Amino acid sequence: MRAGWRTALRWTLRLALAGIYLFAAVPKILDPWSFARAIHNFRILPAAWIPELAVTLPALEAIAAVAVLTGLLYRGGALCLTLLSLAFAGGIGAAMARGLDIDCGCFGSLAHSSASLPHLALNIGSAAAGIILLAWNRRPPQRRRLPR
Amino acid sequence: MRRLFLELIAIALLSAGIGVLINAGRHDRLPMSLPDAYYQVESKARPIFMKTAHRLFEEGQTIFIDARPAEAYAEGQIEGACNVPLDRWQALYPDLSSWIQGRKIVVYAGRAEVGPADDLALALASREKRDSLFVYIGGIEEWKAAQLPMRTGPDPILGGDKEKGTEE
């Protein structure tokens, strides 16, 4: 019963985490121009890095989400989404601390939303989900057989 | 642990490759260096470069709007562009609105001054659909340097400088 509950929770977290990142990646892949401006709005990274990030970051989100969903490179995908969530939470937190009223670009041009507490909470929640998935997927230490 | 990081690196490399390939296959691919002017556009209009502006010009369905003063416009403008100086846009909008309805709009000024075009785009964005509005960053200097179609003289349609002419 306990194992069944755990499996259900794991699948819920996998679906939620991968779903959020797939939903976020598609509009950014379709419109990297807007995403480049969204990255620039945070005023954290040098302008020279922005186009490369605008092109590769949405692909990274999508592929890591697919990895978590399908189980292929599962742990790498979960770690990747965890690190991305922590980075996004840091960026949003820094923007809020500096009082920047900007479009966070979380979901590309699909939904214009400001860098605010709900988005910070969403990213922290995603990071927590990623950490739980990683922790639950650790291989259990092999038991030594006692000599008979 | 080692395997975990190998998986992470594999995903990162795969993503970088796929991201670059997708961008390379786009007809409006994002260049790997963007001018500062691109980030200065604050209106919700989409900033575009010469290649896209020229494509829209060639399609023939796009309205080009010159946001510079009438004197600068008369010295040379993109062929077929109308003149809507920012300080007169509200007066010209009734004539302009019937003409631009349902069409794509490209607003431009000079290369070194995205501001007027962006401000006009911001004003138009309050009346027009946002996805049909573009700001041409290169402006008239870039268009002229590329020897693309231009004309000189006052605006024959909106007559943005008629009053000016009368004054003189």
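Readers should treat all values here as calculations from the given coordinates under stated rules, not as data from a laboratory. Predicted, not measured: the structure shown is a model, and the values here were computed from it. Heads up, the Cβs are rebuilt from the backbone with ideal geometry, glycines too, and the neighbour counts pull from every protein chain shown.
Name the single residue that is farthest from the other protein chains (Cβ to nearest Cβ) among those in the range A:34-50 being more than 17 Å from B:Ser33 (Cβ to Cβ) and in a helix (DSSP H, G or I).
It comes out as A:Ala38.
Can you tell me which residues in the range B:132-151 are under 16 Å from B:Gly80 (Cα atoms) and either assigned to a loop (DSSP other than H, G, I, E, B) or in contact with a Cys (Cβ under 9 Å, 6 or more places away or on another chain) (or both)?
B:Gln147, B:Leu148, B:Pro149, listed by residue number.
Is it the case, given these coordinates, that B:Ile105 is of a type in the set (Val, Ile, Thr), under 21 Å from B:Ser43 (Cα atoms) and outside any strand (DSSP E or B)?
Details: of a type in the set (Val, Ile, Thr): yes; under 21 Å from B:Ser43 (Cα atoms): yes; outside any strand (DSSP E or B): no.
Judged against the criteria, B:Ile105 is not a match.
Checking the condition part of a helix (DSSP H, G or I), away from chain A (no Cβ under 14 Å), of a type in the set (Lys, Arg) and over 15 Å from the mean Cα position of the chain (by Cα), which residue from B:Arg127, B:Arg88 passes? Quick ask: steps written out before the conclusion?
Numbers: B:Arg127 fails: part of a helix (DSSP H, G or I).
Every option except B:Arg88 fails the conditions.
I need a count of the residues in the range B:29-78 that are within 14 Å of another protein chain (Cβ to nearest Cβ) and either part of a loop (DSSP other than H, G, I, E, B) or touching a helix residue (DSSP H, G or I) at 6+ places or on another chain (Cβ under 6 Å) (or both).
Looking only at that region, the number is 17.
For the condition surrounded by 18 or more Cβ atoms within 10 Å (Cβ to Cβ) and assigned to a helix (DSSP H, G or I), what is the one hit in A:Leu53, A:Leu81, A:Leu15, A:Leu9?
Details: A:Leu53 fails: surrounded by 18 or more Cβ atoms within 10 Å (Cβ to Cβ); A:Leu15 fails: surrounded by 18 or more Cβ atoms within 10 Å (Cβ to Cβ); A:Leu9 fails: surrounded by 18 or more Cβ atoms within 10 Å (Cβ to Cβ).
Sole residue among the options that is surrounded by 18 or more Cβ atoms within 10 Å (Cβ to Cβ) and assigned to a helix (DSSP H, G or I): A:Leu81.
May I ask you to verify whether B:Val84 is surrounded by 21 or more Cβ atoms within 10 Å (Cβ to Cβ) and within 30 Å of A:Ile50 (Cα to Cα)?
Numbers: surrounded by 21 or more Cβ atoms within 10 Å (Cβ to Cβ): yes; within 30 Å of A:Ile50 (Cα to Cα): no.
When the stated conditions are applied, B:Val84 does not pass them.
Contact list please: Cβ distance under 6 Å, first residue in the range B:2-28 and under 19 Å from A:Pro27 (Cβ atoms) and free of Cβ contacts under 8 Å to residues at least 60 places away in the same chain, second residue surrounded by fewer than 17 Cβ atoms within 10 Å (Cβ to Cβ) and among the basic types (Lys, Arg), pairs at least six apart or on different chains.
The qualifying pairs are B:Asn23/B:Arg29.
Can you name every residue in the range B:10-28 that is assigned to a helix (DSSP H, G or I) and at the interface with another protein chain (Cβ under 8 Å from one of its Cβ atoms)?
B:Ala10, B:Ile11, B:Ala12, B:Leu14, B:Ser15, B:Ala16, B:Ile18, B:Gly19, B:Val20, B:Ile22, B:Asn23
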